1. Within segment 66-93, count every residue that is under 12 Å from LEU144 (Cβ atoms), among the hydrophobic types (A, V, I, L, M, F, W, C) and either exposed (fewer than 14 other Cβ atoms within 10 Å of the Cβ) or free of Cβ contacts under 8 Å to residues at least 24 places away in the same chain (or both).
2. Just one of (1) in a helix (DSSP H, G or I); (2) over 14 Å from the mean Cα position of the chain (by Cα); (3) under 20 Å from GLY185 (Cα atoms) trips up SER155, so point out which.
3. May I ask you to list the residues in segment 216-244 that are open to solvent by 80 Å² or more (accessible area, probe 1.4 Å), more than 28 Å from ALA138 (Cα to Cα) and in a loop (DSSP other than H, G, I, E, B)?
4. Which residues, counting only those in segment 94-108, are in contact (Cβ under 8 Å) with a residue 60 or more places away in the chain and more than 13 Å from the chain's Cα centre (by Cα)?
5. Looking at ALA174, ALA142 in this structure, which one is in contact with a helix residue (DSSP H, G or I) (Cβ under 8 Å, 6 or more places away or on another chain) and of a type outside the set (Phe, Trp, Tyr)?
6. How many of the residues making up segment 142-168 are in contact with a Pro (Cβ under 7 Å, 6 or more places away or on another chain) and either closer than 21 Å to ARG83 by Cα or open to solvent by less than 10 Å² (accessible area, probe 1.4 Å) (or both)?
7. Out of the residues in segment 170-186 that are modelled with pLDDT of 95 or more and charged (D, E, K, R), which is surrounded by the most Cβ atoms within 10 Å (Cβ to Cβ)?
Amino acid sequence: MTAPLELKSTRVSGIKIAIVVVPALLIASICIALYLGANAEQEKSSPIVGEITLPEMSDYLRKLQTMIAVREVESKSGQHALRQVAAMTQGTLGPENLAYEVFKSQRDSAAGLLWPTIWIKAGDEESERPVVLAVPQAGEGAGLAFAYGFAEYLSSHETPIGVRIVIYPPLHDANLPKWIWERCGAKGEEMAGFLKLSAGGSDLAASELRVMDGKQDLLRKLKEKRAWPDQVAVSGEPSSYFEFRLAGTGAGAQRGGRDEQAQHLIRMMPVVKSLLEGLAE
């Protein structure tokens, strides 16, 4: 009469073991899968080849100039606007849209929060001597709109150089090129050239270039190659690095001038491309 009791006891023990072991195995398998997924080599995405269009550029300007407030760390609304710009930058340049691989450094803090520097690699992505195009997150929105459009422009207009488009927060020190490179440069790489691109505002009727001290020969070479249009003014102010300031419409954008500004930004793209290529020589 003891055999059935022993059999029943064995079955109960087996069920208890299963109750303990099966969830443990399930948890272990999930952990292994997560570990392998986290450490697996991610397939690099390639940017989608396309041409920047006037409606796209106008839409970038509309969002950045009318839908997002002034970007600054000194106020709650400015902080919220900076977070919006960071999200828009990653969403526009990343896999959901232009399909660039987006990189981010989040080492800078202000007002108790961390603020990211965001960049992509365009042109020759494997280049160890890239030229940096630095665009501020703060300020008037034309600079950021240009950066988004220029990233798409470079997907269909090949360049032999590496271009690093960097969108940075308003937390840099006086030596902007060094500050930027400390965040987006990697070991074994060298910055071949640096260009800051920003919006000049409504007081700037034509785009303007500030030439780095002692580098006027580059502008002369570009003019000889007919790669520099007459409608771009050259500033006589001394500068420690190259800076390209885009003409802005300011209040004119609210009077229906946004398409006109978008057209100007698109016309400036081959100009900026030729300047970046000149900086790499």
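The values are calculated or read from the model by the stated rules, or taken from the named source; none is laboratory data. Nothing here was measured: the structure is a model prediction, and the numbers come from that model. Please note: Cβ atoms are built from the backbone with ideal geometry, for glycine as well, and neighbour counts cover all protein chains shown. Surface accessibility is based on the protein's heavy atoms, side chains included, excluding ligands, DNA and RNA. Shrake-Rupley method; radii C 1.70, N 1.55, O 1.52, S 1.80 Å.
1. 1
2. So the condition that SER155 fails would be (3).
3. Listed by number, the residues that qualify are LYS225, ARG226, ASP230.
4. ARG107, ASP108
5. ALA142
6. Number satisfying all stated conditions: 5.
7. Across segment 170-186, the extreme among qualifying residues is ARG183.
Conditions (1) at pLDDT 95 or above; (2) of a type in the set (S, T, N, Q); (3) within 19 Å of PRO169 (Cα to Cα), marked per residue:
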residue	(1), (2), (3)
GLN79	yes, yes, yes
THR92	yes, yes, yes
ALA99	yes, no, no
ALA111	no, no, yes
ILE118	yes, no, yes
GLN137	yes, yes, yes
TYR148	yes, no, yes
